[in-house]
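Report on one structure; see the data block that follows.
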Amino acid sequence: MKTVCEKDKCDGCMACLNVCSKHAIKVHDSMKAYNAIIDENSCINCGACQRICQRRQSVAPLTKPIYWKEGWAEDETLRKESSSGGFAAAIEQAFIESGGIVCSCAFLHGEFSFVFAETKEQTQCFKGSKYVKSNPKEVYPKISNYLKDGRNLLFVGLPCQVAAVKNYIGDNEKLFTVDLICHGTPSSQILELFLNNYNCSLI
């Protein structure tokens, strides 16, 4: 089995799927680990998947923070509707008020996927913690298109997803990112298994 990065070390950022011109990669979720598996019959050995893989390529050296800050949303309603004080929600809404667009994870139609918001009302779907792996598949080209149109864009996601966005986009002064503290995210199959035990569903 040929994989993009070391076996069982894939973070599931899905960026390799977006850069493969031959659609020769499938990301397999075994519930224990992700693997980006390459179809060797279709692969042309261009190396694009390995160059985009944040497991194989370091975007930037680790640096010490300039300073630390903590806080919560001043809006009491926003704070109560959120899982962690509404800090991310307040940033997202302020970014949109400045004319930008926000991309983050939402639970829609039974899936944890990434969507774009251009109004404060549209950011409502970003609220709440998602304790399973989200799927950013196909979001990278869309981010690129918004940036090419001259839009300021804020991406909010896990550190591996932020690294993948930066690998895909490169240096761009209109791209802003917020990466969340992550202790590891389990497969969504585990949540489905739990719900099935109680005759429930994600939808």
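Once the Cα atoms of helix 188-197 and of the chain are each reduced to a long axis, what angle between those two axes, in degrees from 0 to 90 to the nearest 10, is obtained?
Taking Cα atoms only, the helix is inclined about 80 degrees.
Between rounded, prolate and oblate, where does the chain land on the alpha carbon gyration tensor, with a ≥ b ≥ c its root eigenvalues, rounded for a/c under 1.5, else prolate if a/b exceeds b/c?
On the way: a/c = 1.82, a/b = 1.27, b/c = 1.43.
Here the chain falls in the oblate category.
Compute the helix-to-body angle for 139-148: its Cα long axis versus the longest principal axis of the chain, expressed 0 to 90° and rounded to tens.
The answer is roughly 60 degrees.
I101's amide H: which non-local residues (gap 5+, or another chain) put their own amide H closer than 5 Å, with H modeled 1.01 Å from N in plane and none for Pro or chain starts?
Amide H neighbours of I101, under 5 Å, 5+ apart: N152, L153, L154.
For the range 88-192, calculate the relative contact order in percent as a whole number, restricting contacts to Cα pairs under 8 Å that are 6 or more residues apart.
Details: 147 pairs, mean separation 27.5, N = 105.
Averaging sequence separation for qualifying contacts and normalising by length gives 26 percent for the range 88-192.
In nm, to one decimal, how far is the S21 label point from the F194 one, both placed 7 Å along Cα→Cβ?
4.3
For K26, which lysines qualify as cross-link partners when the Cα separation must be under 24 Å and same-chain residues fewer than eight apart are set aside?
Qualifying lysines at Cα under 24 Å: K2, K7, K9, K130, K133, K137, K142, K166.
Based on alpha-carbon centroids, what's the gap between the range 66-131 and the range 150-203 in Å, whole number please?
13
Based on DSSP H runs of at least 4 residues, each adding -39500 (n - 2.57), what is the mean residue ellipticity at 222 nm of the chain after dividing by all its residues, to the nearest 500 deg cm²/dmol? Spell out each step's value before the answer.
On the way: 7 runs with 58 residues, N = 203.
That comes out to -8000 deg cm²/dmol.
Which whole-number percent is the relative contact order of the chain (Cα, under 8 Å, 6+ apart)? The partial results should precede the final answer.
Numbers: 319 pairs, mean separation 41.2, N = 203.
Relative CO of the chain lands at 20 percent.
Rounded to the nearest 20 debye, what is the charge dipole size of the chain about its Cα centre when +1 sits on each Lys and Arg Cβ and -1 on each Asp and Glu Cβ? All intermediate terms of the calculation are to be shown ahead of the outcome.
Working: 23 positive and 22 negative charges, 136 e Å.
Around 660 debye, computed over the chain.
May I ask you to order 104-111, 49-56, 143-150 by the average number of other C-beta atoms within 10 Å around their residues, highest value first? Don't jump to the answer; show the numbers that get you there.
Working: 104-111: 16.0, 49-56: 18.8, 143-150: 14.2.
Packing proxy ranking, top to bottom: 49-56, 104-111, 143-150.
A short reminder: the numbers here are calculations on the coordinates, not readings from a lab. These numbers were taken from a predicted model, which means no experiment stands behind them. Ideal geometry is used to build each Cβ from the backbone, glycine not excepted, and the neighbour counts take in all protein chains shown.
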